Amino acid sequence: MTINPRTPVLIGVGQITQHWSPVSGDPAPSPQSLRADAAQLALADSGAANAVCSSIERVIVVRTMLDSVPTAPQPFGRCANPPGRLAADLGLSPRDTIYSQVGGDQPQDLVNQSAAAIHNGQARTILLVGAEATATMKAAIKAGQALDWSDSPLASPVVNDGAPLASPAVNDGACASGEAGFTDCGRGPMLLSPYDIANGLGAPTQTYPAFESALAQRLGHDYAAHRQIMSELWAGFSAVAARNPHAQFPIERSVDFLSTPSAENYPLAEPYLKWDVAQDAVNQGAALILTSVGEADRMGIADDNRVYLHGHAQAKDTCPSERPDLSRSLAIELVLAQTLASSGLTNAGELSAIDLYSCFPVAVLLAAEALGIDWRGSGRAGGQAGAAALTVTGGLPFFGGAGNNYSMHAIATIAERMRASPGQFGLVLANGGFLTKQAAGIYSTTAPSDWQPVSSADIQEQCDAQVGPVLLSQDATGIVEAWSVTYAKGEPQRGYAFLRTDDGARILARTAKGEAELLAALAQTHGGTLTGQHLSARHIDGVNILVL
């Protein structure tokens, strides 16, 4: 088969994970050093590093978590131009450099965009890199060790939505098609509405519990039953991480450990314990190199090193309180369906490897449901049975929650699996925000017959067309459809509940100061959960407050 020379192809992957201690005497990993190390590994993996370096016209860096949160402290300073710093470290002279938006969807979304850019002749070769050094930061602060992460070839801040940036250009749309020079894509659109924030939602650990409790209610699970399912899921993921040389936390965890509160597995937010959620104390970096078939031929890239992107899609959901059903994700369902269909596959059983984004159990459970995978039953997917069929890394709680960049590790691992199993297919689903932004891709060493960029405009229209319930800001009584209490050092700190009134309207309300403990105690009187119970809320000074 003759392959169109404009067909995009993945030719190099690299991953690095470091276990660093301040007393080791070794240099402290930084986001910059981890990005450079991962990129060097990807260049070496291509088998033609010098030729690839000369061909790279675009360098894209995934946004770090410290740059993703406006209020996040920067204890060691901030690199103003991460892609520029990386290009300088590697001795590259790209035409343009890009710093991505916020979101765990970004690695796959940027692959989708970069593949289109290569196909359309906008760049010969593109290097994508991301890294997090949160483990270094936490250990160095604890040890009183000062570091400097501020080195940058460009430091000209501009203002976008009140947040300082370090770019002469800000683009809140698609970033992989940035113009020549340095483009900082900004943090992107708000993923929580003012209504969400005012009435109790916030960080992921405060918001994902709403989806988890709503899913448990839809599936008919009481607290104990859903606790068991989450623990079975994560036990399988931890077993994969224990065998992964790149895992930050390679310890296999038992269902008993994961389901039981303890000093090592303490409550974070109902229904989550510590090891139910992504662990951010990592030193991890990953890199991908994409080019065209014609350019790969020119550079002498070996055929058995080439991995092709087949079907792909991306879409963005509405803000949480605006969604019709908190127990579902229309974006996940549509993105996975389009990705499979555009690959010419009919079901998940045709995939030999799968990695579903795993920041919280609900993200995996909804994706598995959308794919029709019965991971607890006799069904198989990804060539395996059980939870291990749903990850190739071990997931964010056990492989490591490398911030927005986690799925770049998944793509790199899928690429390695595909090289080891020529002709098979592997899927990556990347999730960003609060089950908000989804991006997926299917990979194989088999070249597509006539590769074309896949438009997700139709499925985005379907997401945008969702009609959510009327949101109330008034006194109201309703049935709890979702809820949570968050903890700090074992003590309840804040709580909220979504209520549905008799006429179908929704009100999100939070606990008054000092009353989170009352909400937690009330849940205990109902078997550990409040879904299905009646609660009331009062509207006081612009905020909905639960009446306890």
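Please treat every number below as a calculation from the coordinates, not as lab data. None of these values were measured; they are calculated from a predicted model. Cβ atoms come from the backbone with ideal geometry, glycine included; neighbour counts cover every protein chain shown.
Things worth noting here:
- Backbone N within region 178-207 under 14 Å of label point (7 Å from His539 Cα along the Cβ vector): 195, 199
- Electrostatic dipole magnitude of region 326-435 [Cβ: Lys, Arg +1; Asp, Glu -1; Cα centre; debye, to 20]: 100 debye
- Estimated D of region 1-133 in µm² per second, where Rh is the Kirkwood radius over Cα pairs and Stokes-Einstein applies at 37 °C, 0.692 mPa s: 206 µm²/s
- Summed over qualifying helices (DSSP H, 4 residues or more, each -39500 (n - 2.57)) and divided by its residue number, the chain shows a 222 nm mean residue ellipticity of -9000 deg cm²/dmol.
- When the Cα positions of Gly144, Thr445, Thr339 are compared along the charge dipole of the chain, Gly144 comes out farthest toward the positive end, with charges on each C-beta of Lys, Arg, Asp and Glu.
- When +1 charges are put on Lys and Arg Cβ atoms and -1 charges on Asp and Glu Cβ atoms, the dipole computed for the chain relative to its Cα centre reaches about 520 debye.
- Summed residue charge, Cβ within 15 Å of Leu429's Cβ, Lys/Arg positive, Asp/Glu negative: -4
- Neighbour-limited loop hits for chymotrypsin sites (Phe, Trp or Tyr not before Pro), region 192-247 (at most 10 other Cβ within 10 Å; DSSP other than H, G, I, E, B): none
- Considering only Cα atoms, the convex hull volume of region 320-362 works out to 98 Å³ per residue.
- Looking at the chain alone, DSSP beta bridges between its own residues are antiparallel in about 75 percent of cases.
- Option label - Kirkwood radius over Cα pairs in Å computed here, alternatives (1) 25.7; (2) 23.7; (3) 27.7: (2)
- Placing unit charges on each Cβ (+1 for Lys and Arg, -1 for Asp and Glu) gives the chain a dipole about its Cα centre, and among Ala296, Ala348, Ala115 the Cα reaching farthest toward its positive end belongs to Ala296.
- Taking a Cβ cut-off of under 12 Å around Arg494, the surrounding Lys, Arg, Asp and Glu residues balance to a net charge of -2, with basic ones at +1 and acidic ones at -1.
- The ellipsoid that matches the Cα gyration tensor of region 229-309 has semi-axes, each √(5λ) in whole angstrom, of 40, 13, 11, with the longest given first.
- The relative contact order of region 367-461 comes to 15 percent, based on Cα pairs under 8 Å that sit 6 or more residues apart.
- Dipole magnitude of region 485-548 about its Cα centre (Cβ charges: Lys, Arg +1; Asp, Glu -1), debye to nearest 20: 140 debye
- Most positive-pole-ward Cα, His19, Gly130, Asn4, against dipole of the chain from beta carbon charges: His19
- Where trypsin sites (Lys or Arg not before Pro) in DSSP loops with at most 16 other Cβ within 10 Å are excluded, longest remaining stretch of the chain: 96-242
- Around Thr511: net Lys/Arg minus Asp/Glu count, Cβ-Cβ under 11 Å: +1
- Zone of Ser21's modelled label, taken as backbone nitrogen in region 111-139 under 15 Å from a point 7 Å along Cα→Cβ: 136, 139
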